[in-house]
Amino acid sequence: MPKLFDIKFPGECKTLPDGFWSAVDVWIKKPHVVNKRLCGVKVTQSEEEGAEALRFLLDEDAALTDEVLLFIAGGASAARTHEEEKPWSLIIKTIIPKVNSYGTNLHKEVILKDFDRQLVTFLPFEEDAQGQVSLKRGNIHQLQLLHQDCEEWTLELHVLASDAWFSDGVAYPKLPWMSTDLMPKLVRWATECKSSEFKSTLSLLPVEKYSVMYQQLKEKYKAMVKIWPEVTDPEKFVYEDVAIATYLLVLWAEERAERGLTARQSFVDLGCGNGLLVHILANEGHPGKGIDVRKRKIWDMYGPQTLLEVSEPSPKKADRLLLMSVIIFSHETENPRRTLKVSFQPPSPPHCRRFVLWLAGTTTFNNFK
């Protein structure tokens, strides 16, 4: 099988082979942590499948079927692969780019995990609006973990037809990027092999809805970058707050649908900083206000519909804050101790939730550890 790149693991790596599969799962389910042009993926999984599961991709071309099955089998004969019908762990995922320039076509991947040979195969395909699929033969590739001489671990990238590899830099990354960016990340993740007890925040939302709304809000508020009066980086702060607003708006819309509510959630943002998050949420129909200990230059540019107040969060004001549907703690304030006291004031009315997003949490942690 054609090896294109390889990379060695640090000596005496004790997290393998389990760490390899943990790293692969990050790349499969959260590719946007490496490929910043992706919003995320939608994954459907079938635990064990044989060659029959690939029939929808391979049926029309017998030669292609044999070629692909031979590649998947790592050099075993295609006939033998058919006979054995050895089950694989199979995943199908839809790739969701940040900017959709593909029309109605969906970019998907069939991913086959072979735990015996520490091998994972990626079969990209496209699906049109009528459900017709076409396999991207040139982009079929594998990642394999090898243990050489019972001492050294190596990660290899195999490509079925590297001369036919297609790249758009989004759904289909460039081969050099796979070598210089992806593979070192996989090695690092596999070496660390850390699992989090917290769920991914995007797993709480329909990623497709998040992607569509993010593009709409980004287009709507991108003019703020050109007129930004603060000394901070406009692109970072504008698009960061657009992303946070998108998350909250989709989350709240799902909540209203689930609970059968029509009234939009109200909010107060403690430590609102530049106030852009407050401005976007208010513009999108949610009544609320922002509070910070000092005024920013940009506040005057928002207009009267964006309610911003200079005040210091205090436990004495907690009762008034709890009248809101949601309390947002989004930025470090000059007095994080007092803000945290407000954030943990018990008890809360059933309708009031807290959304904590410490964007500069080091100082806060040091103040409270």
Full extension from Q132 to Q216: what is 0.36 nm times the residue separation minus their Cα-Cα distance, to one decimal in nm?
27.4 nm
Under-5 Å amide H pairs with R353, H placed in peptide plane, nonlocal only:
V326, I327
Just to verify a number: FRET efficiency for T94 and H147, C-beta to C-beta distance, R0 = 45 Å, to 0.05?
0.85
Based on the Cβ-Cβ distance of K185 and M301, what FRET efficiency does E = 1/(1 + (r/R0)^6) give at R0 = 51 Å, to the nearest 0.05?
0.80
Accessible surface of segment 88-157 [probe 1.4 Å, protein heavy atoms]: carbon and sulfur percent
46
At most 13 other Cβ within 10 Å, DSSP loop - chymotrypsin sites (Phe, Trp or Tyr not before Pro), segment 195-289:
F198
With every protein chain in place, the accessible area of E127 for a 1.4 Å probe, in Å² rounded to the nearest 10, comes to 40
Checked segment 184-295 against the a/c 1.5 cut and the a/b vs b/c comparison, axes a ≥ b ≥ c from its Cα gyration tensor; verdict oblate
Can you give the accessible area of I92, probe radius 1.4 Å, in Å² rounded to 10?
50
Taking square-rooted eigenvalues a ≥ b ≥ c of the alpha carbon gyration tensor, is segment 85-198 rounded, prolate or oblate, where a/c under 1.5 means rounded and, failing that, a/b exceeding b/c means prolate?
prolate
Whole-number value, in Å³ per residue, for the convex hull of the alpha carbons of segment 1-47 is 147
Which of the GluC sites (Glu not before Pro) found in segment 224-268 are in a DSSP loop and have at most 13 neighbouring Cβ atoms, other than their own, within 10 Å?
E230
First measure r as the distance between the Cβ atoms of E235 and E192, then evaluate 1/(1 + (r/R0)^6) with R0 = 41 Å and state the FRET efficiency to the nearest 0.05.
0.85
Once you put a point 7 Å from the Cα of K209 and another 7 Å from the Cα of K226, both along the Cβ direction, what distance in nm separates them?
3.3
Fully extended contour minus Cα-Cα distance, from S167 to K3, at 0.36 nm per residue:
57.2 nm
Probe 1.4 Å, all chains present, heavy atoms only: H158 accessible area in Å², nearest 10, is 0
Separation in nanometres of the label points that stand 7 Å from Cα toward Cβ, at E258 and K174
4.2
Chymotrypsin sites (Phe, Trp or Tyr not before Pro) lying in DSSP loop within segment 107-184, provided at most 13 other Cβ fall within 10 Å:
F115, F166
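The values are calculated or read from the model by the stated rules, or taken from the named source; none is laboratory data. Keep in mind that this is a model prediction, so the values were computed, not measured. Don't worry about glycine lacking a Cβ; one is built from the backbone with ideal geometry, like all the others, and counts go over all protein chains shown. Surface areas here come from the heavy atoms of the whole protein model, side chains and all, with no ligands, DNA or RNA. Shrake-Rupley method; radii C 1.70, N 1.55, O 1.52, S 1.80 Å.
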